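Asks: Here it is, the structure in full.
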Amino acid sequence: MSSVSNLIDGRAIAEQIHQETAQRVAALKSRGCQPGLTFIRVGEDPASRVYVGMKEKACQRLGIASNTRVLPEKTSEADLLRLIHQLNQDPSVHGILVQAPLPSAIRASVVFSTVAPAKDVDGFHPVNVGKLMLGDPTGFVPCTPGGVQELLLRSNVPTDGAEVVVLGRGDIVGKPMTSILCQKGRGANSTVTLCHSRTRDVSGHCRRADVIIAAMGVAEFVKADMVKPGATVIDVGVNRVPCVTGKDGTKLVGDVDFAAVQPVAGRITPNPGGVGPMTIAMLMRNTVCAAEMAVA
Ligand code: GUN
């Protein structure tokens, strides 16, 4: 495989989705509805600040009204829940996103269950998790795994009958990714193996896979000898590692050893520029869906 032609360009595909979303925003506005998304950030986690900033910028570009509520690190769970209840009642707010991770004194499961399912554009509420598992299209699909499915679909990577290995069993990516790909339907119908820290012979599973989706949060875990020649490799990882030449002595790397794996893979996502932009595109799309449902 040549060195550049096998890249899956997440930025270009995210851009297509943004254009579709912008048209839907315009249609909503012509009906007198201004889509609105509120972010809640608790504390000053540097990565969360960057992520919320990028999401706000995408809202601005698409004409979605965004508002960010920043609460101090020491905020009580009760105060956070009160704010969510207020936003649940506010008709100008169509989507609510509570940025994870939350301080350890706050129970994330309680917080995510408090967001009204109809405004849960993250797809973390148990009702939306259940709808995803049941294949009910009226729920919200979490943005990162939804974005991976969209990348596969729009890059014509076959999933029907494909052996897919998902690495990592997190609630935000690994588990919903598995639910998405095992459903009946386009961009799914896969035979999915979910590998995690207790899996015996992860390499053996990976070597059989037509598609590997790496989301376990271990820097450069996927090596060339774990990939079947021609397989598709999707890197969801964002890991900060020490680097003497990097700014502030660190750099970001994915869960895939990109330089080693790219020559073996049939298709591969760059990182950055692969899954990241898709997460934002899917969030914008979910927000517009929420607004459309609110005015329907
Ligand atoms: N932290 C990392 N990914 C996500 C996400 O998709 N949504 C939220 N709310 N927090 C995150």
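Asks: Anything in the range 84-103 that is more than 16 Å from T287 (Cα to Cα) and away from the ligand (no atom under 15 Å from the Cβ)? List them, or say none.
Replies: H85, Q86, Q89
Asks: Which of (1) of a type outside the set (F, W, Y); (2) open to solvent by 50 Å² or more (accessible area, probe 1.4 Å); (3) within 16 Å of the ligand (Cβ to nearest atom); (4) free of Cβ contacts under 8 Å to residues at least 40 places away in the same chain does T68 not meet, given it meets every other one?
Replies: (2)
Asks: Condition first: open to solvent by less than 60 Å² (accessible area, probe 1.4 Å), in a helix (DSSP H, G or I) and of a type outside the set (S, T, N, Q). Now tell me which residues in the range 1-23 satisfy that.
Replies: G10, A12, I13, A14, I17, H18, A22
Asks: Look through the range 270-296, keep the residues that are among the β-branched types (V, I, T) and more than 16 Å from the ligand (Cβ to nearest atom), and return whichever of them is least open to solvent (accessible area, probe 1.4 Å). Show your work before the answer.
Replies: Narrowing the range 270-296 to residues among the β-branched types (V, I, T): 275, 279-280, 287-288, 295.
After this cut, where a residue has to be more than 16 Å from the ligand (Cβ to nearest atom) as well, the list is 288, 295.
Details: V288: 0, V295: 57 Å².
Result: V288.
Asks: Separate question: If you take just the strands (runs of 3 or more DSSP E) that sit entirely in the range 143-257, which of them hold at least 2 residues that are surrounded by 23 or more Cβ atoms within 10 Å (Cβ to Cβ) and not aliphatic (A, V, I, L, M)?
Replies: Output list reads 232-235.
Asks: Could you list, in sequence order, all residues of the range 24-53 that are out of contact with any strand residue (DSSP E or B) (no Cβ under 6 Å at 6 or more places or on another chain) and within 30 Å of A78 (Cβ to Cβ)?
Replies: Result: P35, G43, E44, D45, P46, A47, R49, V50, Y51, G53.
Asks: Looking only at residues in the range 124-142 that are surrounded by 17 or more Cβ atoms within 10 Å (Cβ to Cβ) and in contact (Cβ under 8 Å) with a residue 24 or more places away in the chain, which one is nearest to N271 (Cα to Cα)?
Replies: Once the filter is applied, the top-ranked residue is P142.
The values are calculated or read from the model by the stated rules, or taken from the named source; none is laboratory data. On a predicted model such as this, the values are computed, not experimentally measured, just so you know. Neighbour counts are summed over all protein chains in view; Cβ atoms, including those assigned to glycine, are modelled from backbone coordinates with ideal geometry. Please note that ligands, DNA and RNA were not included when accessible areas were found on the heavy atoms of the full protein model with its side chains. Shrake-Rupley method; radii C 1.70, N 1.55, O 1.52, S 1.80 Å.
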